[in-house]
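The values are calculated or read from the model by the stated rules, or taken from the named source; none is laboratory data. Just so it is clear, the model here is predicted, and its values are computed rather than measured. Every residue, glycine among them, receives a Cβ derived from its backbone with ideal geometry; neighbour counts consider all protein chains shown.
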Amino acid sequence: MITAVLNRLVASAATLLGVAVVVFVLLRIVPGDPIAMMIAPGASPEDVAALRARYGLDTSIPEQFWIWLQGVLSGDFGTSISLRLDVLGLLASRLPATLELAIAALVVAVVLGGAIAVVGTLMGRRTGGALDAANGLLLAVPDFVWALALVLLLGVAWPLFPLTGRIDPSVATDFHTRFYLLESLATGRLAVARDVAAHMVMPTLALALPLAAVIARVLKEALGEAMLQDYVLLARIKGMSETRLVMQEALRNAVGPTLALTGVQFTFLLGGTVIVERIFAYPGIGNMAIDAVINRDLPLIQGLVLLFGLMFILINLAVDLAVAALNPRLRHG
Amino acid sequence: MAETFVDEDGGAAGRRRALARALLAEPKVVVGGGFVLFLVAVALFAPWIAPHDPLEQDLMLATLPPAGFAGAEPGYPLGTDGLGRDVLSRLVYGTRIALTVAFVAATLAALFGTVLGLLAGYLGGKVDTVIGRLVDIWMAFPPVLLSILLVAILGSGLHSVIIAIAVIDWTRFCRVVRAETMAQARMDYVTAAVTIGFPRPAILVREILPNVAPVIIALVSLEMGIAIIVEAILSFVGLSVSSDTPTWGGMIAEGRQIVHHGWWVLAAPLAALFAAVLAFNQLGGGLRRALDPVMRR
């Protein structure tokens with residue numbers, strides 16, 4: 001078990017290094033010159049050279065990579081060219097917004113997907129078929145389309161929720177952390193928490209609906225299989241109600257395969273935050289990533305891509321460990 | 001001799017007929033494929049279908065609502081956008097970009113992914129390890145971010161969008177084709193071909209590939225839906241084709257900005273996008289069922 005984990009860690013580190021190399025090389029062949037975009041008109045060639053040296057763009061690509069890698073390993077991600085701020089500080093200030101959004105979406109997706117699967121299993125063939133068809137629809141439509149459909153439905157037709165941003169600045173600005181929702185809940189400021197939550201409703205739903213559909217389909221399949229097992233039959237003969245059968249007996253055995261898939265799908269959800277945050281002008285790392293690319297902000301793009309890669313790899317690792325921990329047969333394998 | 005020839009020919013035609021029957025018996029193929037054909041027709045005949053020039057601006061007629069709403073003008077059934085351009089005509093012309101990207105990008109992604117997947121699955125060993133590592137690295141990028149990054153590097157435009165989609169989504173094909181190839185390579189008919197002494201490339205192309213093809217065809221259909229979405233996302237961010245070519249994503253971007261006084265500018269292309277993605281999805285699912293000999297039985 002320990003060697004397996006160590007092997008995975010080494011492989012993950014290699015993947016992350018690969019991600020860093022790919023993005024570094026890609027960005028260095030960009031035709032657009034980031035320095036040209038930030039100099040004032042009429043700057044002397046010496047000024048340009050000085051600026052180039054300041055951002056470390058005056059050496060060869062392997063040299064630049066080596067310098068950058070050394071910096072990253074000592075916690076220095078460089079300085080953003082467009083925002084002129086420390087990249088690590090920028091990431092730290094935006095990451096909590098994305099994390100709150102992604103985790104809220106994960107929770108909604110698990111609850112919703114689980115509910116669809118359990119209700120579908122209890123309903124039997126005929127009505128369950130209609131639910132399957134609806135779920136198929138949910139499965140086919142990506143977060144981008146959901147986000148815009150929600151803009152039309154809950155932002156314009158029935159304007160129930162705010163369309164942009166993370167919080168109404170008139171409600172509160174005095175936060176100690178960047179976890180607005182968690183902090184306002186923990187300090188009991190419910191009015192503030194409600195405003196933050198209202199801003200999160202649409203982006204959360206847009207991210208959660210496709211994932212809920214995937215969870216529902218896989219969990220329902222696993223539940224259907226579990227319901228045919230002998231222990232369920234035995235419990236049924238002993239007079240256990242159908243609802244308790246599904247909730248107590250089948251669900252416990254169906255969670256394993258669903259968990260593995262949910263982990264992979266969660267990384268897709270995290271990737272989806274990029275465009276969903278953009279649509280709702282939500283100030284997370286995804287929205288910042290699009291700006292960084294448009295502004296050719298090399299240090300910031302590198303930091304962001306590495307951060308996304310790190311999160312993807314950590315999620316996969318965590319899921320593998322959780323699946324192994326839940327399944328005694330894999331634990332000794 | 002002549003008789004066998006005729007017989008063989010009849011057999012192939014019979015197989016084709018059986019395949020056509022299997023495809024038409026699958027409602028998902030008929031509905032999804034039917035809508036895709038409709039979109040192809042709209043794209044081909046766009047100049048005859050569109051009531052107006054999609055680029056013609058008339059600020060006197062800006063943000064007219066669609067037919068049936070107060071203030072609508074006859075001749076503009078889906079209303080006009082912020083510059084007074086006819087939404088229906090732009091929608092019709094936008095089909096061209098959407099389908100071009102769908103067909104070309106999905107085919108390219110399938111080509112890369114299939115070649116690498118076949119090699120990884122059949123050769124195994126070091127080749128498999130290297131390709132697998134490459135897939136791992138690719139999967140650690142958020143795809144939307146990677147596509148935006150690639151288009152920013154390649155410069156905006158239709159070519160860049162297509163290349164970006166192919167460069168990102170080959171992994172979908174590679175993973176599936178690799179797994180299928182590994183499964184097929186263990187089958188008896190492959191062992192038989194090896195025993196007879198067929199060269200390895202011939203086995204891969206003539207024996208294994210035809211058996212992996214149904215999965216690839218179904219995936220291509222799904223990938224077309226994905227490609228349409230990615231193109232729309234890139235247009236939305238402002239990185240796809242230049243703004244004077246009508247695209248669904250470009251319309252969506254404009255509609256999102258004026259959503260409070262021109263919701264139809266967003267609703268119309270979004271509905272088109274939704275329908276197109278659903279159609280490709282249904283077609284893909286149906287094809288997988290109809291073409292898979294095991295599932296057909």
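Return the total of residues in segment B:261-270 being aromatic (Phe, Trp, Tyr) and either facing chain A (nearest Cβ under 7 Å) or in contact with a strand residue (DSSP E or B) (Cβ under 8 Å, 6 or more places away or on another chain) (or both).
Residues in segment B:261-270 being aromatic (Phe, Trp, Tyr) and either facing chain A (nearest Cβ under 7 Å) or in contact with a strand residue (DSSP E or B) (Cβ under 8 Å, 6 or more places away or on another chain) (or both): 1 in total.
Which members of segment A:225-264 meet the condition of being within 21 Å of the chain's Cα centre (by Cα) and crowded, with 20+ Cβ neighbours inside 10 Å?
Those that are within 21 Å of the chain's Cα centre (by Cα) and crowded, with 20+ Cβ neighbours inside 10 Å: A:258, A:262.
Considering (1) crowded, with 24+ Cβ neighbours inside 10 Å; (2) farther than 23 Å from residue B:32 by Cα; (3) within 10 Å of chain A (Cβ to nearest Cβ), say which one residue B:232 fails and leave the rest.
The one condition residue B:232 does not meet is (2).
Considering only residues that are in a helix (DSSP H, G or I), in contact with a helix residue (DSSP H, G or I) (Cβ under 7 Å, 6 or more places away or on another chain) and modelled with pLDDT of 70 or more, look in segment A:26-63 and name the one that is nearest to the other protein chains (Cβ to nearest Cβ).
Per the stated criteria, the residue is A:26.
If I filter segment A:281-303 down to residues being at the interface with another protein chain (Cβ under 8 Å from one of its Cβ atoms) and hydrophobic (A, V, I, L, M, F, W, C), which single residue comes out as surrounded by the fewest Cβ atoms within 10 Å (Cβ to Cβ)?
Checking each candidate, the answer is A:294.
Residue check, residue A:259 against (1) more than 12 Å from chain B (Cβ to nearest Cβ); (2) part of a loop (DSSP other than H, G, I, E, B), all met but one. Which one?
Residue A:259 satisfies all of (1) more than 12 Å from chain B (Cβ to nearest Cβ); (2) part of a loop (DSSP other than H, G, I, E, B) except (2).
Of all residues in segment A:89-108 being out of contact with any helix residue (DSSP H, G or I) (no Cβ under 7 Å at 6 or more places or on another chain) and among the aliphatic types (A, V, I, L, M), which is surrounded by the most Cβ atoms within 10 Å (Cβ to Cβ)?
A:97
Looking at segment A:117-148, which of the residues that are at pLDDT 90 or above and of a type in the set (A, V, I, L, M, F, W, C) is farthest from residue A:218 (Cα to Cα)?
Looking at residues that are at pLDDT 90 or above and of a type in the set (A, V, I, L, M, F, W, C), I get A:148.
Kindly indicate whether residue B:176 is more than 11 Å from chain A (Cβ to nearest Cβ), out of contact with any Asp or Glu (no Cβ under 9 Å at 6 or more places or on another chain) and farther than 30 Å from residue B:251 by Cα.
Against the criterion (more than 11 Å from chain A (Cβ to nearest Cβ), out of contact with any Asp or Glu (no Cβ under 9 Å at 6 or more places or on another chain) and farther than 30 Å from residue B:251 by Cα), residue B:176 qualifies.
Determine whether segment B:104-126 contains at least one residue that is assigned to a helix (DSSP H, G or I) and within 20 Å of residue B:255 (Cα to Cα).
Step one: of segment B:104-126, the residues assigned to a helix (DSSP H, G or I) are B:104-123, B:125-126.
Now narrow it down to the ones that are within 20 Å of residue B:255 (Cα to Cα): none.
Checking segment B:104-126: not a single residue is assigned to a helix (DSSP H, G or I) and within 20 Å of residue B:255 (Cα to Cα).
Condition check ((1) in contact with a Gly (Cβ under 8 Å, 6 or more places away or on another chain); (2) among the β-branched types (Val, Ile, Thr)) across all residues:
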site: A:228; (1), (2): no, no
site: A:231; (1), (2): no, no
site: A:242; (1), (2): no, no
site: A:249; (1), (2): no, no
site: A:252; (1), (2): no, no
site: A:267; (1), (2): no, yes
site: A:276; (1), (2): yes, yes
site: A:288; (1), (2): no, no
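What residue, among those in segment B:235-260 that are within 12 Å of chain A (Cβ to nearest Cβ) and not in a helix (DSSP H, G or I), is nearest to the chain's Cα centre (by Cα)?
Among residues in segment B:235-260 that are within 12 Å of chain A (Cβ to nearest Cβ) and not in a helix (DSSP H, G or I), the one nearest to the chain's Cα centre (by Cα) is B:239.
Return yes or no: is residue A:252 basic (Lys, Arg), out of contact with any strand residue (DSSP E or B) (no Cβ under 6 Å at 6 or more places or on another chain) and over 29 Å from residue A:8 (Cβ atoms)?
Against the criterion (basic (Lys, Arg), out of contact with any strand residue (DSSP E or B) (no Cβ under 6 Å at 6 or more places or on another chain) and over 29 Å from residue A:8 (Cβ atoms)), residue A:252 does not qualify.
If I filter segment B:112-122 for residues that are among the aliphatic types (A, V, I, L, M), under 24 Å from residue B:184 (Cβ atoms) and out of contact with any helix residue (DSSP H, G or I) (no Cβ under 8 Å at 6 or more places or on another chain), do I get at least one hit?
yes
Check residue B:56 against each of (1) within 14 Å of chain A (Cβ to nearest Cβ); (2) among the acidic types (Asp, Glu); (3) part of a loop (DSSP other than H, G, I, E, B) and name the one condition it does not meet.
(1)
Collect the residues in segment A:292-324 that are touching a Lys or Arg at 6+ places or on another chain (Cβ under 9 Å) and either of a type in the set (Asp, Glu) or without any contact (Cβ under 8 Å) to a residue 12 or more places away in the chain (or both), keeping them in residue-number order.
Across segment A:292-324, the qualifying residue is only A:320.
Is it fair to say residue A:284 is among the small types (Gly, Ala, Ser), more than 24 Å from residue B:155 (Cα to Cα) and touching a residue at least 24 places away in the same chain (Cβ under 8 Å)?
So residue A:284 passes the test.
So which residues in segment B:216-229 are within 13 Å of another protein chain (Cβ to nearest Cβ), of a type in the set (A, V, I, L, M) and more than 14 Å from residue B:143 (Cβ to Cβ)?
Once the filter is applied, which keeps residues that are within 13 Å of another protein chain (Cβ to nearest Cβ), of a type in the set (A, V, I, L, M) and more than 14 Å from residue B:143 (Cβ to Cβ), segment B:216-229 yields B:222, B:224, B:228.
Among the residues of segment A:167-184, is any within 14 Å of chain B (Cβ to nearest Cβ), among the hydroxyl-bearing types (Ser, Thr, Tyr), assigned to a helix (DSSP H, G or I) and under 30 Å from residue B:263 (Cβ atoms)?
No, the conditions are met nowhere in segment A:167-184.
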